[in-house]
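Everything below concerns the one structure shown next.
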Number of protein chains: 4
Amino acid sequence: MGNSFGKLFKITTFGESHGVALGVTLEGCPAGLEIDEAKIRLEMQRRKPGQSKITTQRKEEDEIEILSGVFEGKSTGTPIGIVIRNADQKSKDYSHISDKFRPSHADYTYFEKYGIRDYRGGGRSSARETAARVAAGAIAKQLLDHYGVTVQAFVSQVGNLKLEKPYQELNLGLAEENIVRCPDPELADQMIQLIDEVRLDRDTIGGVVTCVIKNTPVGIGEPVFDRLHAELGKAMLGINAVKGFEYGSGFDGVTMRGSQHNDAFIKEGDKVKTKTNFSGGIQGGISNGEDIYFRVAFKPVATIMKDQESINEAGESITVSGKGRHDPCVVPRAVPIVEAMAALVIADNIILAKSNKL
Amino acid sequence: MGNSFGKLFKITTFGESHGVALGVTLEGCPAGLEIDEAKIRLEMQRRKPGQSKITTQRKEEDEIEILSGVFEGKSTGTPIGIVIRNADQKSKDYSHISDKFRPSHADYTYFEKYGIRDYRGGGRSSARETAARVAAGAIAKQLLDHYGVTVQAFVSQVGNLKLEKPYQELNLGLAEENIVRCPDPELADQMIQLIDEVRLDRDTIGGVVTCVIKNTPVGIGEPVFDRLHAELGKAMLGINAVKGFEYGSGFDGVTMRGSQHNDAFIKEGDKVKTKTNFSGGIQGGISNGEDIYFRVAFKPVATIMKDQESINEAGESITVSGKGRHDPCVVPRAVPIVEAMAALVIADNIILAKSNKL
Amino acid sequence: MGNSFGKLFKITTFGESHGVALGVTLEGCPAGLEIDEAKIRLEMQRRKPGQSKITTQRKEEDEIEILSGVFEGKSTGTPIGIVIRNADQKSKDYSHISDKFRPSHADYTYFEKYGIRDYRGGGRSSARETAARVAAGAIAKQLLDHYGVTVQAFVSQVGNLKLEKPYQELNLGLAEENIVRCPDPELADQMIQLIDEVRLDRDTIGGVVTCVIKNTPVGIGEPVFDRLHAELGKAMLGINAVKGFEYGSGFDGVTMRGSQHNDAFIKEGDKVKTKTNFSGGIQGGISNGEDIYFRVAFKPVATIMKDQESINEAGESITVSGKGRHDPCVVPRAVPIVEAMAALVIADNIILAKSNKL
Amino acid sequence: MGNSFGKLFKITTFGESHGVALGVTLEGCPAGLEIDEAKIRLEMQRRKPGQSKITTQRKEEDEIEILSGVFEGKSTGTPIGIVIRNADQKSKDYSHISDKFRPSHADYTYFEKYGIRDYRGGGRSSARETAARVAAGAIAKQLLDHYGVTVQAFVSQVGNLKLEKPYQELNLGLAEENIVRCPDPELADQMIQLIDEVRLDRDTIGGVVTCVIKNTPVGIGEPVFDRLHAELGKAMLGINAVKGFEYGSGFDGVTMRGSQHNDAFIKEGDKVKTKTNFSGGIQGGISNGEDIYFRVAFKPVATIMKDQESINEAGESITVSGKGRHDPCVVPRAVPIVEAMAALVIADNIILAKSNKL
């Protein structure tokens, strides 16, 4: 359990960080969609390690290979199988960590759960697994293009550096212009500097990714347990290092009165709109056509370059030494992952909604 | 879709606010569990309307009837069917709202999704549906009792009145001693007064519920998409009026450094513990045996007693008048709902974990 | 697990033969379907016990109550909850069988599986549970009406009395004209006589139900594991006492040559047809628009009125005495159950197929 | 939908006959199982084309590559990803069949369903897809080894040549000694001769595979819809060319009386046994510890070497010419496929049953 996401437009992933390959099977892509491999590669580039000085310096090309489900450039309705080989899985010596539990990693919990673990890197718990999601998400994005829906994420906070302007006042197109992926160029520079300081200090720092989805058709989302925002929340909380999710007015909304918070319906031309959008584009779990927007909190990643006290499988006190090449802050590389998961949720719910009426 | 929650220990609900009855089918309850109906009734009492001056004055007894799956006081392993009749579903005159879209309700989105809606109250989108979840959750709690796990929620914020103390410094047993369900008696009084003011002002206000789960076995939770906190998050975001979810360090954790945030492993007797618990009891999506704790943000409910501008199905401007008896603040009654959903998630994951090893 | 059937148009049942009530939740019924309760009651009548001299003489009215999901005579898109109370569940004395394992019943297997069982009647394994399916199936039939699809089953064999004519040469409308539900009046008389003899001999006998589905849209059914006939087969094998399923040419087809068995495509007007239909209307798991037909084998039911040797929970040899009122042959009452399950499968697959194309 | 099979021990396959590769993701394999790749390769050998004169002469090595989920020779609890490259997918000229509907193939139905199809070979509907199932099934068999369960299938009928002896009187070990996989050497010779004649006649013929499962633990299988035999039936009906499934007494059982058919319980040492086994090892959908046995009917495959009349996408009459290398009778190669699917069902249900009791 736990390796699949989605109901009809559904992905199942496999693969460990230091295994032979990662892979994803995407089921339920409607037939006849033009699949542009270049667009998938572009998303892989946005996620891959080593893309800038503030990300891990590990080099991995994350080359995708489509094995099925696409014929003459179009989806056939059958599952799309994709593999991404791990470039760099030589048999290194892992004996120095093979029985150690790294603090705030999944070493201990996986070991207790399964009684065995792939101790080379994080195994299945590694964020490397998200490469498979980004590949599938890139196809979801192409499906959303077909329906006119856009999904855009950006970095809105690193440590205490917080983008205070509402997203409507920002030129989101600027987010991809800098390596931290913040649409405010000035703040972006400060964020980059902060991450660089943290990196030099051999430490890590957290951040927030904001995501905006435009032009979602009205009536998307299922009632009760599978509300659209509950699916988005689950999708985000399933990304490594995420500690929180809020949409629309979010945690700030709790201080408001209903009379302020309610979004009045108005008619604009032949469209039903709302004057404000504290609802975040979702009412009763179902899209109302306004922008869907949400924020995702990422903790500082657990892999730091400092020595840390811990224990090993035998319960003995040991020291975990920081080694290797890791991200001082994950949010820049998390942006395409957030987009991928959001695109998968919206695509799935658009397809599900086809069954609502006779 | 969207009416079921859980994988093996799984509920499916039906029912509208003004229909004949609500119901829930609970599958996957292991056989041989003693089912105490009195404990289910107690939870229903905690959720029911009309229980205090700060909740809606609607009177509904929420009497449960167990139809199957329990024999001679014990679960038999077959599905437990429960119905809760709607006491008060006389054919009132709803013509004044039957074609109106109430602001920030699900009227418009359901109408667009299905082309039809039960306009008496919120229909399926009404929080009344959560009565069915509380009934099933009360059985989940009895299963957790068997495994020694406790789930306790309480109100930690109403409007700007925020409980700042960490939960470890509180006597959580005091939460049920006051009608707002806040374990700090002094703050509870202030919250009650605030809600009363809001009510007199014919308005509503938001709040936060915090939940603490103790003694979860180590190794519970699935990897990747179904991480334990992702399931908890989805469960909470599936409750009416919820706008945000955070666990462990949450949104505040984004400002921390990895070296502060990492929870060092230590050995206490024969138990593995962590010095701090910013992880919130979950690492890599899997429980590590520490307390699981999380916060859930509730917006001010949409039903206010003031007149509001809106439109109707024909797209004409109309006025929605506030009528009826509604909650000025949902968080006191949300406490047992949060507990119910949390208990369902933990119970499901305990059962799922039986399949991890040979 | 095991209490739900279907993917989007999906039922979940609960209830034991001697519990308070049976119930079913039908999810995924598209909104706006006119639901005629009289048609549901008609199907319940066709299945209910005591309807003729060749069925069990138990009297149960199988009155349905719709609790949700239908408003002003139409489906609303939300789950339809239905309960059927067990008329006759007084606390009889079951001590004479409470620890005995009746031969070829599920007493022993349920006891071993769950360590506990509801020993009054068959509990959850009783065919009484199928009443819930027939109620939901009656709604599926109304959905199929909307799409022009008809489902008709009939008895084609009782013991060695076998209807040899192909269904195309029969007037299927005659099936409901006699109590054994065989469309050949002469053979029907013989079947009724045979069942009566078996009944007087305090024994039971098996039979076969054939089902014909007309006007299924082309392109219904999922590839690989969920082929349309695999879903139909699973649906039939999930009915009590079923031992076999075959569709199209079935077991007889194994003796044929490919050159005989292949169904040549032809064009009739603007319709693609096949000259023969050994495929049974399904090719590669997907409907081709021809009639879908299949046969379902029912064993002689295990409850006989004779004494039988067996063992009890303690492993001691005991005698099971035949008591009560039971069916000497289940196939007449199985006809509406076969139709209900077939209707559910086709309805589900029609809805699923909406997602195939952009 | 339709590409996954199983609930906890679950496979998802992808791949077309003439695409880049086939693949399977196996989830839910408990951690710590020794995985012997040689045993997987052996099963692949049993299924592969070109293994004898009575199978297709196509040559394909069906080399598997395990990409994840196995570490140091053991399962880790994470999904096991396997790919099988298609050796022989050069860009041949398919223009002669690209718009033709071959009789009794899935060409027409896939085209109508998806509006597009991979016309090279059968695409996703090709039996080549079963290679992925056999790979996963080989792991299921290793899990069953761990629990002491054995699964053995054999050919029991080709055309009219039918093995009349009950399986208990046969030495099943002889099945693999001949190329048709029939445990009766004399009948095997006749079958081989018949298939050879059919092949020379450029035609095909059907057959039956029987499967026997020994030592299944008591209490395996879910009630109601997911009865163990319903899952087995669905698994078998999901194999290409299957037209029927029966277990235990099957279709012959319909002629019996209950008093003959009931299997009396007896105690043998400390084991509960039944005197006869018409139930086929399953009562009420749950295993009783006796042998599970069933029969699967395979039609003559549709690909024949003769010219056939048909139509094309434009609805014009055309001739389909038989070309290529195909199986004159599928049952010899179907034997390992039947075993694989049966092993997957039993493995899944053993794991599911862990959750029945507290």
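Bear in mind these aren't lab numbers, they're just calculated from the coordinates by the rules spelled out. Model, not experiment: these values are computed from the prediction. Quick reminder, even Gly has a Cβ in these numbers, built from the backbone with ideal geometry, and neighbours come from all protein chains shown.
Structure notes:
- Distance between the C-alpha centres of the stretch A:10-34 and the stretch D:135-198: 36 Å, rounded to the whole angstrom.
- Residue-averaged beta-carbon neighbours from other chains (10 angstrom radius) around B:272-284: 4
- Spin-label pair D:Asp291/A:Leu358, simplified geometry with 7 Å Cα→Cβ offset, distance in nm: 5.4
- Charged side chains reduced to their Cβ positions (Lys and Arg at +1, Asp and Glu at -1) give the protein assembly as shown a dipole of some 0 debye around its Cα centre.
- Residue pairs, from the table B:Lys354/C:Lys299; B:Lys141/B:Lys354; D:Lys10/D:Lys275; C:Lys271/D:Lys323; D:Lys214/D:Lys354, whose Cα atoms sit over 26 Å apart: B:Lys354/C:Lys299; D:Lys10/D:Lys275; C:Lys271/D:Lys323
- Comment: the Cα-to-Cβ extended label point of D:Asp252, at 7 Å, lies 2.0, 7.4, 7.7 nm from its counterparts in the other copies, nearest first.
- Dimensions of the stretch B:4-355 based on its C-alpha atoms, expressed as ranges along the principal axes with the largest first, amount to 67, 49, 37 Å.
- Ranking of B:Thr210, A:Thr276, D:Thr25 by neighbouring Cβ atoms within 10 Å, starting from the fewest: A:Thr276, B:Thr210, D:Thr25.
- P(r), alpha carbons of the protein assembly as shown - 20 Å bins starting at zero, rounded %: 10, 39, 38, 13, 1
- Sorted largest first, the spans of the alpha carbon positions of the stretch B:274-319 along the three principal axes are 60, 22, 12 Å.
- Net charge dipole size for the stretch A:4-355 [Lys, Arg +1 and Asp, Glu -1 on Cβ; Debye, nearest 20]: 260
- Each of C:Ala340, C:Ile205, C:His96 was placed along the dipole of the stretch C:4-355 (beta-carbon charges, centred on the mean Cα), and the one lying farthest toward the positive end is C:His96.
- Inter-chain shielding of C:311-318 (mean C-beta neighbours from other protein chains, 10 Å cut-off): 2
- Considering the stretch D:161-238, its Cα convex hull presents a mean projected area of 7.1 nm².
- Between the Cα long axis of helix D:185-200 and the first principal axis of chain D there is an angle of about 20°, rounded to the nearest 10.
- Chain C: most fluctuating residue of C:Gly289, C:Gly23, C:Gly269 per GNM, C-alpha cutoff 10 Å: C:Gly269
- Once the Cα atoms are used to define both axes, helix A:37-47 deviates from the longest principal axis of chain A by about 60 degrees.
- Pairwise centroid distance, computed over Cα atoms, of the stretch D:203-243 with the stretch D:297-332, Å: 27
- Take each residue of peptide A:293-302, count the partner chain Cβ atoms within 10 Å of its Cβ, and average: the result is 5.
- Tilt relative to chain C, helix C:228-237 - C-alpha long axis, 0 to 90 degrees, to 10: 10
- Net charge over other residues, Cβ less than 13 angstrom from the Cβ of D:Leu344 (K, R count +1; D, E count -1): 0
- Length-normalised contact order for chain A - Cα pairs under 8 Å, 6+ apart - percent: 22
- Dipole axis of the stretch A:270-330 (+1 Lys, Arg; -1 Asp, Glu on Cβ), positive-most option in A:Val320, A:Gly281, A:Val330: A:Gly281
- Think of each Lys and Arg Cβ as +1 and each Asp and Glu Cβ as -1; about the Cα centre, that makes the dipole of the stretch C:107-216 roughly 620 debye.
- Within the stretch D:256-286, trypsin sites (Lys or Arg not before Pro) in DSSP loop having at most 16 other beta-carbon neighbours inside 10 Å: D:Lys275
- Among B:Tyr167, B:Tyr247, B:Tyr293: highest mean-square fluctuation, GNM of chain B, C-alpha pairs under 10 Å: B:Tyr167
- Value at 222 nm in deg cm²/dmol, rounded to 500, when DSSP H runs of n ≥ 4 in chain B each add -39,500 (n - 2.57): -8000 deg cm²/dmol
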